[in-house]
Every structure is written in structure tokens, then in C-alpha cells.
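Before any comments, here is the structure.
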Amino acid sequence: MRTNSLIKMERHHIIDLDDFSQEEIALIFATTDAMKEILSREIRRVPTLRGKTIVTLFYEPSTRTRVSFELAAKNLGADVVNVTSSTASVAKGESIIDTMRTLEALGADVIVIRHFQSGVPCLMAQHLQISVINAGDGCHAHPSQALLDLYTIREKLGHIEGLKVVIVGDILHSRVARSNIWGLSAMGAQVVLCGPPTLIPQELRRPQPLKGGECPFPPLTIQENLDRALEEADVVMVLRLQKERQEGGLLPSLREYIQLYQLNSARLSRAHLHALVMHPGPMNEGIEITPEVAHGPQSVVEDQVTNGVAVRMALLYMVTGGKG
Amino acid sequence: MNLLIKGGHILDPSQGLDAIGDLYIVEGKITWVEPLKEKRPLGKFAVIPASGLLVCPGFVDLHCHLRQPGYEDKETIASGTRAAAKGGFTTLCCMPNTKPPVDSQAVVEYVQRTAHTEGVVRVYPIGCISKGLKGEELAEMGELAAAGVMAYSDDGQPVTSSRLMRHALEYSLAFGRPIIDHCEDKALSADGAMNEGWVATRLGLKGIPAAAEEAIVARDIALAELTGACLHIAHVSTAGSVDLLRRAKDKGLAVTAEVTPHHLTLTEERVMGFSTQTAHHTASALWYDTNAKVNPPLRSEKDRQALLEALKDDTIDAIATDHAPHTIVDKLCEFDAAAFGISGLETALGCLLSLVHSGQLDLKLLISKLTWEPVRILEIKKASLFPTSPLPWGLGTLQMGAPGDVTIFDPSKEWVVNPNTFASKGKNTPWAGCQLKGQVMATVVAGNLAYRDDSLRLEGQSA
Ligand SMILES: [Zn+2]
């Protein structure tokens, strides 16, 4: 396969983007390009991972991410086993360590894990010999989503460096935002976080430098006023707002959220004409984004979904050793 | 058997004693300590050669969890007291959050009896503040005092109701025994798993803000002032709490406080596997380390520094381990699901001595915070009912006639922490694999060896 010459992957697990360099992300883009080329063929399948077994282990329902990984694995010729928390294999009470050891003993080569608690993919990587890919954990990280976002930006705008990227919404609970902060910063973008103060982590709003003056996070701008945040923006990433945030006392009402933070056409007009509108899905149309904007000419939501498969093919290819 | 501890460096802050020499224990009591001028006792002695070793009053732990009755898979009085002896502790005050909790005479007596038959160090149970630790009605504090408790606490839980806390403080006045509070505003700390700070933000874990502790410390101090009762703040962990305590002490209130070895030596970064401050870590085997999950959580370096300062200026009176043993199953799981707590008795001295070796803490101060200062906190003040303390006179000191409780340690012996060799059933330690400098060589309780390191050989002598 063509990608053989492109990449020598050292990474056995993919947990987060916080330690990815610009070069490594560029390498993933190159591999993803090759995967997209495969997807454009009449027969969009290669036998690269034939004989390998990929297990998707989802403790939180997410049809789109699971299907995206499943298609990615199948396009590369792998066998796929889907395990969800509703199936018997993750029966209530069985410890996650037992579940993961069982899957390893059964001969899985890669585990793609989604969990509602932060740190579970890390826990697996610490206890398993086989590769672990984080498909989203708690409020921690969602590296494949951030990579497909980065890839889509590069594909549409040609580059990432120097772009102003605004992430709007519930940053506090968003693993997508956290992984994007690392990835975008590594690629040289300027990241602006926008949302009500209750939904932006205190540590990001009021960063405290560590001893020695180091900062534990990449440079970020916080802007609570969405109109101002959108000025000169190149990319707007809209996050899903969970309706429970109101009950949790973090928001007075959805009505007020919509008034202050919904991305609508009037607000979007403050951004560059070429600005991309992105959303990790699933969208609450009418809450964080209006239908006009969600399906308007600037929206690249569908490209994100398509690119997701190619990016995940690249990741599976890489963690299995990149041997074609 | 009578004991002669020979040629050690005797350090007893309670009487400003700092001398090289011998210490005699006859019939379980201290009878002669260097540099006494009187004649040495005569007779047959088992000799502990202590040259090059430190000889101190036995350590007194104000705060530990022995788990029995009810959670014997985590710890028993037998295993917990052996862990204590290995760590140099000769007296343990154990928290009442057992099953059933220590809220009646029957459970107090059960703990006392079990400690007497199965324990190897002194054990004094602390009684509940509220019945069943429910925070609703006061426990029968008089009955508990009569049965032999020397303090009250709902530890593990804060006393949520300010009204109940006021009444607990008031009611305790009759017995002159302190109320020990675990200060945590549960509404603020809800679902939090570690300190609220950059590490929690980075790891996507819900944080417990310092304010969750400080809000209740402030409330309790106000109530101590209102009632005039004795208040003891358990496991202080933040710089803000230290400020509040300092002001309370300046006002002359009857407020005391303790700090744990782990809050003095570790910070929140340990949850990422690091003990030094560097910004860019990559995922390691110690990310989301549940052995560093403890309540109150490991805080920031600024907090740690404030705790050290507070210990030095006596804003914090004593060091207490908050030994909280758990099973492997309690810890080998998702971080959010893991139990809070550190099994701390066996590593306390080693990690505290790291502060001495690095010049952050004076050895004499450290020993006083482990010996006579905790005992002073438990002295009964102006009790009109049950004024006799269950603790014998002379704990935490090497004065003549005091109980023969002595800890002998080698301050420079290096060892690697291996939880599998712990006497405690709780293997949950954030120091696993770490090299510590300073190890207990022998622990003597009432003149009997409760623990002896394999390398230490006893000799016989008669004079
Ligand atoms: Zn506590």
C-alpha cells in the first residue's frame, strides 16, 4: 500500500492529542489522504488489516462514532466485534479490568473504547498489551474527533496555522473541546473559547502559571461575548449543549442560552465569509445552532462525518504497526 | 521482660531532651533516661543496641481507620495495629465510621476488647457525633464518654447541619472532649474526585475546590467561638484553612488541627504520576492513579507550602496519618469509582523524614508533632462529667514513670516501599516503588516489643 512509505508509527495507543507534535499530526493527515483515496475507489476496501480483530467497547451510546470506527475497520479488511454496555459481555457489576482482560484473551488486536468516565482508556492502556484507541472518555479527550476536525479544516482552508478558531458552548464538559485545544494549538491556530463562565473551566478562565512560570495549557483566549468572539473568525466549532446543565444550576434557562450563545446567521456574518461551521454532532438544532446555519453553505458537518471514517482508518492502520 | 535501649540518640521534645545514651524500661514503665544522675536500675535486661539510631516516645496517631467491625476485608484491628507498630506508632485513635459505627457503649467495648486481645499497640476509639453517622441526632455522648472515648467525630462525613454542629459542640462541654470535624461542604465537592485545579482540568476529572473545605472550617470556627467548646479540625489541606486557623488561634479559641503526611509531601500532580512541577507530561503508567485519590484531595504546591509553614508556627498542632486502608478491588477501577484513601501508617515516618532530609522540616519539631502534641489535643479540659481520660498519663513522653512506649528508628536507612510487604491489609499507597530514607527498627509498647526489624538483634545483659 502507498502509505507504507509515509509513516512509521511508534504510537501503540491513542489516548489524547496532548503529546502530539505538529509533525506527527501532519503524518496522520498524509495517511488520511491515502485512506480517502481508497474511499474514492469503486471497491473501497483493502486487505491491510485482514486477520485482525477490532473490538469496539462502548459504555456510552454513540451510534455515529461506533459506526465510523466499524466502517473504518471493515474498509481495511479487519473483523469487527461490537460490545456495548447493554450486551451481556459487560454485565452490570463486572469490573472493567475483567472485561478488558477477557477481550484481550479472546484475541482482540485493538480495542476502541468509549466510556462516560474520564481516564478509562488510560486505565486500559496501563493493563493491556494490545492497542487502545480512545473513542471519547468522560470530559477528558476525544482524539479521533479532534483529528477529523483538524483534517477537515486543512482540507477546506488549505492550512491551520494562524487561523482563528472559536469553540462555542459547554467547554467544561466537552472532551471534544479539550482535544481540539491541544491539536489546534500544536498546529499553530489561535484558539478562542466562548461560553457562559459556568461552562468554561475556572483553570482556563484564570490560568495560574506553575512554579517556573510554565503554563499547563496552550495559550487560549476566553471571550464570553459570542458576537465579539466571532469577529474575523476562520472556523466556528459549535458544541452540543446537554439539557441537564440547566438542572445542574449551571444555566438559568435554555432560552437565555439561545439568546446569548446560539450560532445564527446574523452572528455568523461577523466571521470571515470563508469561515467554516463545524459541529461534532449530534446537533440540537434550534438550541446551540439554528437549522439555517447547521445546513447552510458554510457548514462542513457532513464533511466531518466523511473524513471521520478516513481519519479512523489512518489511526487503526497506525496502531497496528502500519504494515500493509 | 525489662528493656535497656542502649546508646541511642534520645529525642523527647516534651521535656527538651536531646542526648546520646541509655533508656531503661522496668515493668512496662520508663525508669531511667540519660542523662539522669541517679543510679541506674539493676537486674536482667534485654538490650536493644541503638547506637546510631533515634529513640523517641512512641508515636501517637490521632486519626486512623481500623475498619473493624464491619469492613474486615479492608483492615482489622489485628492487621492495623501491626501496621502501626511497623510504622512506629504505639497509640492509635481510630475513627468511628465502622459498621456498626461507634455510637454506643457496646461498640466502644467491642473495639477495646478486640484491641486488647488481638492488637499490638494501644487503641482508643473515637465516638460518633451523630447517631449512625447520619448527621441528624446527637449520639449519646455521655454514654460514649463513660465507655471510654476521648473525642467525637463523624469523620468520613462532615457534620452537614450547622445547627447539629453547634449542639454537638455545646453538649461536649460537659465532657471536655473535643469535636473532630472532617470539613467538607458536600454541595460544593459533589462528585469531585480530586483537587480542583489544572490537573483536574487536564484529566477531565471533576474537582473538589479548596473552598469546599474552607467554608466549613470557617463555620466550625465561628461555632467554636459561639459555644466555647473544643474543636479539632481533621486533615487540614488548604492554605485558606490555615489562614482561618491562624486567626482563630490568635483570638485564643480552643481550636486545634492536624495534617497528614501525604498532604505535607505530595501535590495534585501525583494524580498524573508526578511529584515535581513540570508542565508537559505525557501519559504514563501513573495517570489517573487511584492510589493518589484521597479525601481531602492532594492539593497544590502553594497549599503544601502553607501546611508546612503552619506546622512550624504551631497553627497546625499535630501530624495524623488518616490511615485509610482499602482492598485492591476498591482501587483497581475507574478513577471516579475508586475509593478515597491512603494506607499510611507504614510510610508515614519515611515520607515525613524526606522533609527533614531536604531541610524543609526540623527533626525535633517533627517528633513533637508525632508524640506529645497529639496527646495534648486529647487532654480533657474542665469536664464536669466523666473527667477521667481513657488515655494513661505519660503518652508521648519519656518522663520517669511514663508508659514504656518507645519508637526506635534509623533516620538514614534507605528502603523501597513494597505494598506487598505491608502488615496492613490496605496496599493502597502512592509511594509504591519509591525509595524512602528512614525506617523504624523497633517499636516498644509498655515495655514489650510490638515490632522489630529483622536486622536488629537483641542482646542480654545483667547488672
Ligand atoms: Zn476525614
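Annotations for the structure displayed:
- Any hit, the range A:248-264, residues being among the β-branched types (Val, Ile, Thr) and either away from every other protein chain (no Cβ under 14 Å) or open to solvent by 10 Å² or more (accessible area, probe 1.4 Å) (or both): yes
- Residue within the range B:344-352 that is part of a loop (DSSP other than H, G, I, E, B), at pLDDT 95 or above and within 16 Å of the ligand (Cβ to nearest atom) present: yes
- Only residues that are over 14 Å from B:VAL236 (Cβ atoms), in a loop (DSSP other than H, G, I, E, B) and away from the ligand (no atom under 16 Å from the Cβ) were counted in the range B:301-335, giving 5.
- Matching entry among B:ASN428, B:ASN418 (being crowded, with 22+ Cβ neighbours inside 10 Å and over 19 Å from B:ARG122 (Cβ atoms)): B:ASN428
- Every listed requirement among (1) open to solvent by 20 Å² or more (accessible area, probe 1.4 Å); (2) within 22 Å of B:GLU269 (Cβ to Cβ); (3) of a type outside the set (Asp, Glu) is met by B:SER237 save one, (1).
- Check on B:GLY127, within 17 Å of the chain's Cα centre (by Cα), of a type outside the set (Phe, Trp, Tyr) and either modelled with pLDDT of 95 or more or within 16 Å of the ligand (Cβ to nearest atom) (or both): yes
- Here the strands (runs of 3 or more DSSP E) wholly within the range A:46-130 that include at least 1 residues being of a type in the set (Asp, Glu) and farther than 30 Å from B:MET194 by Cα are A:79-84.
- Looking only at residues of the range A:158-177 that are of a type outside the set (A, V, I, L, M) and not in a loop (DSSP other than H, G, I, E, B), we find that the one that is nearest to B:ALA200 (Cα to Cα) is A:ARG175.
- Residue among B:ALA229, B:ALA338 that alone is within 14 Å of chain A (Cβ to nearest Cβ), of a type in the set (A, V, I, L, M, F, W, C), open to solvent by less than 40 Å² (accessible area, probe 1.4 Å) and outside any helix (DSSP H, G or I): B:ALA338
- Consider the range A:109-132 and keep the residues that are closer than 16 Å to B:CYS333 by Cβ and among the β-branched types (Val, Ile, Thr). The one that is nearest to the other protein chains (Cβ to nearest Cβ) is A:VAL120.
- Restricting the range B:162-193 to residues that are over 25 Å from B:THR260 (Cα atoms) and open to solvent by 40 Å² or more (accessible area, probe 1.4 Å), the residue that is nearest to the ligand (Cβ to nearest atom): B:SER162
- Selection of the range A:187-206 for residues being open to solvent by less than 30 Å² (accessible area, probe 1.4 Å) and out of contact with any strand residue (DSSP E or B) (no Cβ under 9 Å at 6 or more places or on another chain) yields A:MET187, A:PRO196, A:LEU199.
- Residue tally, condition of a type in the set (A, V, I, L, M, F, W, C) and not in a loop (DSSP other than H, G, I, E, B), over the range A:280-298: 3
- Residue match in the range B:209-216 (condition: away from the ligand (no atom under 16 Å from the Cβ), modelled with pLDDT of 95 or more and within 14 Å of chain A (Cβ to nearest Cβ)): yes
- Candidates are the residues of the range B:273-291 that are within 12 Å of chain A (Cβ to nearest Cβ) and at pLDDT 90 or above; the one that is nearest to the ligand (Cβ to nearest atom) is B:THR290.
- Annotation: A:ALA135 fulfils all but one of (1) in a loop (DSSP other than H, G, I, E, B); (2) within 19 Å of B:ASP336 (Cα to Cα); the unmet one is (1).
- Hits in the range A:28-58 (condition: under 26 Å from A:ALA105 (Cβ atoms) and surrounded by 18 or more Cβ atoms within 10 Å (Cβ to Cβ)): A:THR48, A:LEU49, A:LYS52, A:THR53, A:ILE54, A:VAL55, A:THR56, A:LEU57, A:PHE58
- Some residue of the range B:132-151 being more than 30 Å from A:CYS215 (Cβ to Cβ), within 16 Å of the ligand (Cβ to nearest atom) and open to solvent by less than 10 Å² (accessible area, probe 1.4 Å): yes
- Residue in the range B:26-45 that is open to solvent by 30 Å² or more (accessible area, probe 1.4 Å), within 21 Å of B:LEU378 (Cβ to Cβ) and under 28 Å from the mean Cα position of the chain (by Cα) present: yes
- Filter result (open to solvent by less than 20 Å² (accessible area, probe 1.4 Å) and among the hydrophobic types (A, V, I, L, M, F, W, C)) within the range B:446-463: B:LEU456
So that you can scan it fast, the table gives a plain yes or no per residue for (1) in contact (Cβ under 8 Å) with a residue 12 or more places away in the chain; (2) touching a Phe, Trp or Tyr at 6+ places or on another chain (Cβ under 8 Å); (3) not polar (S, T, N, Q):
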site	(1), (2), (3)
B:PRO374	yes, no, yes
B:GLU379	no, no, yes
B:ALA402	yes, yes, yes
B:ALA423	yes, no, yes
B:TRP431	yes, no, yes
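- In the range A:267-308, the residues that are over 19 Å from A:ASN180 (Cβ atoms) and in contact (Cβ under 8 Å) with a residue 60 or more places away in the chain: A:HIS274
- Count of the range B:416-437 residues which are farther than 18 Å from B:THR76 by Cα and in a loop (DSSP other than H, G, I, E, B): 7
The values are calculated or read from the model by the stated rules, or taken from the named source; none is laboratory data. What you see is a predicted model, and the numbers here were worked out from it, not measured in a lab. For neighbour counting, all protein chains shown are included, and Cβ atoms are generated from backbone atoms with ideal geometry for every residue, glycine included. With ligands, DNA and RNA removed, areas are computed over all heavy atoms of the protein, side chains included. Shrake-Rupley method; radii C 1.70, N 1.55, O 1.52, S 1.80 Å.
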